[in-house]
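Notes for the one structure printed next.
The values are calculated or read from the model by the stated rules, or taken from the named source; none is laboratory data. Just so you know, these numbers come straight off a predicted model, no measurement behind them. With ideal geometry, Cβ positions are generated from the backbone for all residues, glycine too; neighbour counts draw on all protein chains shown. SASA here: full protein model, heavy atoms, side chains in, ligands and nucleic acids out. Shrake-Rupley method; radii C 1.70, N 1.55, O 1.52, S 1.80 Å.
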Amino acid sequence: AYERRFPTCPLIPMFVASDIVNEYKSEDGAVHVTERRCKLDIDAPRLLKKIAGVDYVYFVQKNSLNRRERTLHIEAYNETFSNRVIINEHCSYTVHPDNEDWTCFEQSASLDIKSFFGFESTVEKIAMKQYTSNIKKGKEIIEYYLKQLEEEGITFVPRWTPPVACKLESSTSHPRRPVSPAINIPDSATKEGLNNKEILNTSSSPSELTAGTPDDKLDADYIKRYLGDLTPMQESCLIRLRQWLQETHKGKIPKDEHILRFLRARDFNIDKAREILCQSLTWRKQHQVDYILDTWNPPQVLQDYYAGGWHHHDKDGRPLYVLRLGQMDTKGLVRALGEEALLRYVLSINEEGLRRCEENTKVFGRPISSWTCLVDLEGLNMRHLWRPGVKALLRIIEVVEANYPETLGRLLILRAPRVFPVLWTLVSPFIDDNTRKKFLIYAGNDYQGPGGLLDYIDKEIIPDFLGGECMCEVPEGGLVPKSLYRTAEELENEDLKLWTETIYQSASVFKGAPHEVLIQIVDASSVITWDFDVCKGDIVFNIFHSKRAPQPPKKDSLGAHSITSPGGNNVQLIDKVWQLGRDYSMVESPLICKEGESVQGSHVTRWPGFYILQWKFHSMPACAATNLPRVDDVLASLQVSSHKCKVMYYTEVIGSEDFRGSMTSLESSHSGFSQLSAATTSSSQSHSSSMISR
C-alpha cells in the first residue's frame, strides 16, 4: 500500500514527482531497497520562492523493505538548500510484538536552520506547518491505498519464505540478464554519484560511450588553452552537462569555464552540479546580474568609503583584489546604504573578476579561472563585529558561495588581530570546505617572512601600505559621516527597490485595453523569447507581425531591452483602424494564461519587421457577445476591479546562432518561475512545454 504513493500521489498535492536513483534487491528477494529523488512544491510565499531562486525543493528518500524481519524503514533528507537547512526524517512500519495482525508506525524528524536569507523564522513556520499536515494525512493516505487494494481483491499478502534450493539454481542456471546494458564504468564514476541511467541517456548504445564519438570529446588544444587539466571522466561530465543545458535551457548557454566551476564545486557529481547551476542561472536572470557592470552605478558613498579594489595580478597570473577590511567602516556603510546595496556592489566586483579572468587567460596563454584576494585586517576591532554588519557579511558570503563557486583561487589574510578568531568563528561555518582550504592567515608581520607574501605576489606590486613600493589606488576607507546615515524605513524601501530592480517589468491589462510591447526585428531567424508571471486575473497572450511600424503611443513604449522599476503601465500599439490579416498578422496561436501561472516561450522570426507581444484581458465565453468600445471598457475597468489584470514580464531578442532552445517546436511553454529548476533529468529531445505552476 505504501509503494502505491509513488511516483506521485494525488492525495499529497505538494508531491509533484519522483525518480528512482538507486535500487537493490537481494538474491533471495527478502530485502528491497529503493532510493528516490522526490520533487516537492512547498506551500511558501511566492516572494520567498523568488528570493530563494527555486520553485521546487528536492528530497532524497530511501525505503528499505525487509520481508524476512517484516519491517519497512524510511529515511528522508533534503537535497535543496542542504548547506542552509538540514532536515532528517525517519519512519518505520513494524509488526506489533504482542499481536502479529497489528502494524506499528513510528515517525521522527529533526530540523536545523543555519541561515535562509534572513527568513529563518518564516522557513521554520512553513516547515512545521508542512510536517504537521503530513502527520495528520499519513494514516488517511495509507488507509486509502489499503481500501484500493481491497477493491482489487487483494486482501492478503503471503509472508516471505526463503526460496528452495536458491544456491542450486544460481549455480546451474545462466547468469541473470541485467536490467540495462552493461557498461564499463570507472570506479571514479561511482564516487562521483553517476548512475547507469544518466550515462545511457547521453549515448544511443554502450559501444558509443566507451569508444567515444567526436561529440563526446573536446579538442585537446582547447582544453589546455582554456580549461586546464581534465581527466576523461571530467571531460565527459562537462560535455554531458553542457548537452543537457543545450536541450533544456532557452537562452544563451554558459561558457565551458563557467559550467566547469560548478562541476568542480561538486566534485564532478553531475546531479548536484546541475542543480546549483540551474539555481544560479535562475538567480542571475531574476536580478539582472549579466548586465550589472553596464547598468548599475555604485553610489558615491561606496566609491569613497569601500576600501577595496583590483590591483595587478599574482605570480600565477590570477587577478588580485585588495580589501582593506580593517580600515572599512562596515557599520557606517550598512547604515548609509543598506544590506542590498552592499550585496549588489560585491556582485559587481565578482562579475569584474570573471571578466578579468578571461582577459588574463588571453594574456598569459593558459587557463585562469579564479582570482586571489588579499585582505588586510590592520585596524579590525569590535566595531566590525556589529551584528547587522556581520549579518550582511554572512549574507554576502552565502550568495557568492552559491553563484561564484571555484572563483577564489587563494585568500591571503594579513595582520590578523586578536579579535579575528571571534569573527572567524562566526563566518567560517558558512564557507565551503574547499574554499576554506585556500585561506592563508598571517598574524602581525608574519607575512613578511618565509612562506609569506613574496611567495605569491611579485615584490614589484606589493602595495605600499604593506611595506611595498607599488602605489595602490584602493580607497583608504575611513568613517562614514553620520550625516549620510539613513532611517530604517528609507533603507527598507531602498532594499525593496533593489530586489525589484530586475529585468522584469510590470503592466496592467484592462478589459478592452491590452498591454502591448513592440519589438523591431532586422534579421530574419532571430529569436524572440519571453518570460512572464500572471499576477492577477486571466489573460490571453498573442504575438503579431506587421511590416509597418505602429504609431508611437502617448506613453513611451517599453522596448524589449528597456529596464525600469516596475509600475502599473499600460501601452497600446495596434491602431483601432487596423484590420487583422491586412495590416498585421498573427504568428502564434493565442495562449490563455490563468492567474498565478508563469509562462516561458520563444518564437523564431520568419520575416524582418515589427513584432507586437500582446497581453489581453480574457473574457468568459458568456461575455463574448458584449463588444464595447475600448474607452468604455477602460472606464468600466476603473469601477470594476475584476476587469483588471496584472503581469510581470521580460522579453529578449537573441540571434539564432546564440539560441539553444527548441528550434523545431516553439510554442509557449508553461513552467515554474524557471524551467531550469524544474528539469531534473537528461533528455535527448528539446522540450517546448513543461508543467504549470500555480
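Out of the residues in the range 453-480 that are more than 19 Å from residue 317 (Cα to Cα) and in a helix (DSSP H, G or I), state the one that is least open to solvent (accessible area, probe 1.4 Å). Residue satisfying both the conditions and the ranking: 466.
Within this structure, residue 403 passes the test of being under 30 Å from residue 286 (Cβ atoms) and not acidic (Asp, Glu). Counting only strands (runs of 3 or more DSSP E) wholly contained in the range 570-652, the ones carrying 1 or more residues that are modelled with pLDDT under 80 and under 32 Å from the mean Cα position of the chain (by Cα) occupy 598-604. Quick check: anything in the range 106-118 open to solvent by 50 Å² or more (accessible area, probe 1.4 Å), touching a residue at least 12 places away in the same chain (Cβ under 8 Å) and not in a strand (DSSP E or B)? Yes - at least one qualifying residue is present in the range 106-118. Confirm whether residue 277 is closer than 22 Å to residue 602 by Cβ, under 15 Å from the mean Cα position of the chain (by Cα) and not basic (Lys, Arg). Yes: the conditions hold for residue 277. When each of 413, 461, 431, 457 is tested for being touching a His at 6+ places or on another chain (Cβ under 7 Å) and of a type outside the set (Phe, Trp, Tyr), the lone residue that passes is 461. Please verify whether the range 359-379 includes one or more residues that are over 30 Å from residue 254 (Cβ atoms) and open to solvent by less than 30 Å² (accessible area, probe 1.4 Å). Within the range 359-379 (the criterion being over 30 Å from residue 254 (Cβ atoms) and open to solvent by less than 30 Å² (accessible area, probe 1.4 Å)), the answer is yes, since at least one residue qualifies.
Taking first residues from the range 126-141 that are under 15 Å from residue 15 (Cβ atoms) and aromatic (Phe, Trp, Tyr) and partners that are at pLDDT 80 or above and surrounded by 14 or more Cβ atoms within 10 Å (Cβ to Cβ), the Cβ contacts under 7 Å between residues at least 6 apart in sequence or on separate chains come to 131/109.
Could you list, in sequence order, all residues of the range 393-449 that are part of a helix (DSSP H, G or I) and small (Gly, Ala, Ser)? Within the range 393-449, 402, 428 meet the criteria.
Going by what's in this entry, would residue 320 be described as in a helix (DSSP H, G or I) and outside the structural domain of residue 527 (by the TED database)? No. In the range 374-392, of all residues being part of a loop (DSSP other than H, G, I, E, B) and not aromatic (Phe, Trp, Tyr), the one that is modelled with the lowest pLDDT corresponds to 381. Screening residue 293 against (1) open to solvent by 30 Å² or more (accessible area, probe 1.4 Å); (2) within 24 Å of residue 434 (Cα to Cα); (3) touching a residue at least 12 places away in the same chain (Cβ under 8 Å) leaves a single unmet condition, (2).
Cβ separations smaller than 9 Å between residues 6+ apart or across chains give the following pairs from the range 407-424 residues that are assigned by the TED database to the domain that holds residue 452 and more than 21 Å from residue 448 (Cα to Cα) to residues that are part of a strand (DSSP E or B) and small (Gly, Ala, Ser): 424/416. Has the range 490-508 got at least one residue that is part of a strand (DSSP E or B), of a type in the set (A, V, I, L, M, F, W, C) and either within 28 Å of the chain's Cα centre (by Cα) or at pLDDT 80 or above (or both)? Yes.
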